[in-house]
1. Check cross-link reach from LYS265 to the aspartates and glutamates: straight Cα distance under 12 Å, and skip same-chain residues fewer than eight apart.
2. Measure off 7 Å from each Cα along the Cα-to-Cβ vector at GLU285 and ASP242, then give the distance between these two points in nanometres to one decimal.
3. State the extension gain, in nm to one decimal, for the chain segment bounded by GLU386 and SER414, taking 0.36 nm per residue of separation less the distance between their alpha-carbons.
4. Once a ≥ b ≥ c are taken as the square roots of the eigenvalues of the Cα gyration tensor of region 261-338, is the result rounded (a/c under 1.5), prolate (a/b larger than b/c) or oblate (a/b not larger than b/c)?
5. Over the chain, what relative contact order in percent results from Cα pairs under 8 Å that are six or more residues apart?
6. Just by accessible area at a 1.4 angstrom probe, what is the order of MET398, MET329 from largest to smallest?
7. By its C-alpha gyration tensor, with a ≥ b ≥ c as the square roots of the eigenvalues, how is region 192-263 shaped: rounded for a/c under 1.5, else prolate for a/b larger than b/c, else oblate?
8. Under 11 Å from the Cβ of LEU111, count the other residues' Cβ atoms, weight Lys and Arg +1, Asp and Glu -1, and hand me the total.
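The values are calculated or read from the model by the stated rules, or taken from the named source; none is laboratory data. In this text the structure is predicted, and so the values were computed from the model without any measurement. Don't worry about glycine lacking a Cβ; one is built from the backbone with ideal geometry, like all the others, and counts go over all protein chains shown. Accessible surface is based on the protein model in full, side chains and every heavy atom, while ligands, DNA and RNA are left aside. Shrake-Rupley method; radii C 1.70, N 1.55, O 1.52, S 1.80 Å.
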Amino acid sequence: MTEQTTTPSPDSPTGRSSTSSTAPPEDHLVTTLHSLDLPDGPLNYTATTGTVVLTEEPEGEEYGRGCAYAELFSVSYVATASGASSADAAERPVLFAFNGGPGASTVWLHLGLLGPRRVDSGDAGSPADPPHHLLDNHETILRHADLVVVDAMTTGYSRPAPGAKPARHHGLTADRDLIASFVIDWLTRNQRWTSPVFLAGESYGTTRASAVAARLMDRYYLAVAGIALISPVLDFGTISFDPGNDCPYVHYLPTYAAIAHAHGKHEGRLLQDVVDEAEAFAEQEYPALLAAGLRLSTEQVREAAARIGALIGVDPGWVERADLRVEHMAFLAELLRDQGLVTGRIDGRFTAPLGDGNAASMETDPSIDQLAPSYTATINQYLRAELEFSSDVVYEIMSGRVPPWSYKDFENRSVEVASDLSRLLRKSPHTTVLVSHGYHDAATPFHASEHVLAQLAIPRSDYDERIRIEYYEAGHMMYCHEPSRLALSQHLAEFVTGEDAAVDASPEK
């Protein structure tokens, strides 16, 4: 059953109203009714799909009159129950979710993990063949909270209002303000201000989630109940391979070791033992070796290269020629070079044939290449066939029109949101954080995140009691690995329902 909340023109194939170029933009939303069969009974829900117009109050003589500046695309899933009162609905948690990039739509979290329907994407070594299709998601977060998946500017169907420029929103601060405004707008439209509000972000979406949560508190005094950080990056200085910055070499090494283990380089050993050894080396010996530089003797360099090579599964001579500093794109090209394979960045368990056997770095990411087609096909089919929304613009899965991304507010310093997260936790004593790491994630390495979280400017008791850290034997999008998907879904359910009161947030995995 479908309810059109706007009236589309009969001669418009897009489901959007025909308007003149001078008419103000309008919301274009479609509401459909659905039911998901679960083992404990049906889950009935509505899905409201489409774009909403966001307005702002300009300064000057026109102050106080709202001007349209963005049309953001989202899908809102709201559970319905017979006999439930509006007061009950108003107290149900609501989770706002987004991916990152910058330039990535939220199709990944939407169809990979959170929504009531999920893509059958396959996994490393067995990606799904076409025709691609969706499955019922019995672990959907909708069982415990209403869900809103929103696409950032120039991703999905989100676009600037007519006459506005998209580049205005292509930057950390502007993007933060845009998403925060969307959250406020949604809560107001849906009369959900008393609902516990949760944010979930993946990758750069964790940068966004931390910044948005702080903005909601600083600007609107909205204290979120919790933030789920999936494959987080909170300080770009920990992962940016820039001259003079040795941090990434240290923080990536445990991930290299985990990926090497996935490809049989530590035969007979448990992953946990390999990771523990690599982290101990990265935290104790490795920084001192890099700091010593040219003060190391030839023998000391050779010994260090042998140790590193054994940990990460590559030839010590290659490590020595790299001056003990192994860059991640180079590592992914080198690890399985003798087998004619390149290793995935988003998920190091994936491989593909090398195009150039002598390439200094990977030319493409097999994990994205092998997963993206199933997401692309299913989101385009799902929006039209099941949610009954269509548009005459392209649904941008991964938009190449977003760069360059502006970090102008971080001139001459590292781009980081750890200070935002710290400030939020100090100001809002009830906010909790769930952190999810994939061992084989070579985009946002887990050791970098561990380091940043351990340096948050909060009391030790808050670190112990309000931050929960989990690990999965997969990569950046750990939910493509079925055991990890089930575990992460359970952890999110516990997080939203508050059933994880006793949390061990120590970095001992």
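1. ASP315
2. 3.0
3. Contour length minus Cα-Cα distance gives 5.7 nm.
4. Note, shape of region 261-338 comes out oblate.
5. On the way: 1006 pairs, mean separation 89.7, N = 509.
Relative contact order of the chain: 18 percent.
6. Greatest to least solvent exposure: MET398, MET329.
7. Oblate, since a/c reaches 1.5 and b/c is not below a/b.
8. Every neighbour counted, the sum reads +1.
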